[in-house]
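Asks: Got a structure for you, questions after.
All of the numbers you see were taken from the coordinates with simple rules; none came from a lab. Quantities reported herein were computed from a predicted structural model and do not represent experimental measurements. Virtual Cβ from ideal backbone geometry, glycine too; neighbours counted across all protein chains shown.
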2 protein chains.
Amino acid sequence: MNSPIVNFLSKYIELTNEEINILANQNFIQSFKKGTILLSEGKIAIECYFILKGCVSSYYLIEGNVKVTGFYTEQQPITPVSYTTKKPSKYYLECLEDCIISIGTSESNAELLRKVPRLASLGATMFEDQLANERMKYDDFIKLSPEERYQNLQKTRPDLLNRIPQYLIASYLGIKPESLSRIRKRLNK
Amino acid sequence: MNSPIVNFLSKYIELTNEEINILANQNFIQSFKKGTILLSEGKIAIECYFILKGCVSSYYLIEGNVKVTGFYTEQQPITPVSYTTKKPSKYYLECLEDCIISIGTSESNAELLRKVPRLASLGATMFEDQLANERMKYDDFIKLSPEERYQNLQKTRPDLLNRIPQYLIASYLGIKPESLSRIRKRLNK
């Protein structure tokens, strides 16, 4: 049976059996308890992540208040901005559930590329996809009303609404929890 | 003398003379008059861009109103979401000034990769950088007040404030032109 990472990569290219074996042995998979902080504000990220199970949030702490900017779930990669820029992170990454995560570092990624050079063009395609997603997320945020943002989330990521506390959903949508309750009541009528 | 594209790529890897020659001959450079629409809502983007001179904006038309989401200037690549997803674009790209732009298509990019395979890993790095930028832009938008967003723009992209009409800057910041005037007056005191 294929690992989730092999399944994910197979969306982009057909992997040979040898490549699948290399990938299956390469992964550095780790379990984390709910509440684990993977990255803190002020730290330089030396790891990037691929979520096998669970949910991770990214958020800022602004004057003691949590400001959520993203939720990452199964089959999603996380490349912290700080991992790319090599500057201290401005935000946190936290496990909202017990998680199983595959971890990459610049060393392990470089080693993987040496063994499977074809992954270089795959990397470009994956980052291009993530870039398009991030741009749509930004555009949606600035052109939609809070109610439309909620409906958009219902449509594109319905699983999040059941597994994530409402106050974090509200923070992600840029509204107060009371406003989210009102929106939900209005839409359920 | 090196072309702007070679200079841009040299930030990422040291190019050989042969690679520089291939790149210099590969580029498909075109001039566009101010006001040219490079991409329209509803069209599928078959080109990606690298700006050599000028300024391009991305915007949505919502009930007749322009909602600006980005400004791209010299040395910046533009990969339209529609180019990646192969679905109709939801937004416009328009030249705000007379522009000189290098244009890539999936065919020309594939040909370039055949000639200079090393560019594959470079592509990944470039998209990773763009992804980090886009994420910072999103995060800034949702965690900063309009005044802080303006100050952020002053700090990070001061050139934009002089070359772009104020009503487009206001749209980009998510505020009304009157509010932008007030913010500017307050900060100039």
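Asks: What is the one condition in (1) within 14 Å of chain A (Cβ to nearest Cβ); (2) more than 27 Å from A:GLU63 (Cβ to Cβ); (3) in a helix (DSSP H, G or I) that B:GLU107 does not satisfy?
Replies: Every condition holds for B:GLU107 apart from (1).
Asks: Going by the structure shown, is A:GLU134 within 14 Å of chain B (Cβ to nearest Cβ), more than 30 Å from A:ASN25 (Cβ to Cβ) and either in a helix (DSSP H, G or I) or in contact with a Gly (Cβ under 7 Å, 6 or more places away or on another chain) (or both)? Steps first, answer last, please.
Replies: Values: within 14 Å of chain B (Cβ to nearest Cβ): yes; more than 30 Å from A:ASN25 (Cβ to Cβ): yes; either in a helix (DSSP H, G or I) or in contact with a Gly (Cβ under 7 Å, 6 or more places away or on another chain) (or both): yes.
When the stated conditions are applied, A:GLU134 passes them.
Asks: In the list B:LYS86, B:LYS53, which residue meets the criterion of being away from chain A (no Cβ under 13 Å) and more than 30 Å from A:SER82 (Cβ to Cβ)?
Replies: It is B:LYS53.
Asks: Can you pull out the residues in the stretch A:110-127 that are within 7 Å of another protein chain (Cβ to nearest Cβ) and within 15 Å of the chain's Cα centre (by Cα)?
Replies: A:PHE127
Asks: Can you name the strands (runs of 3 or more DSSP E) wholly within the stretch A:1-104 that have at least 3 residues being without any contact (Cβ under 8 Å) to a residue 40 or more places away in the chain?
Replies: Strands (runs of 3 or more DSSP E) meeting the threshold: A:56-62.
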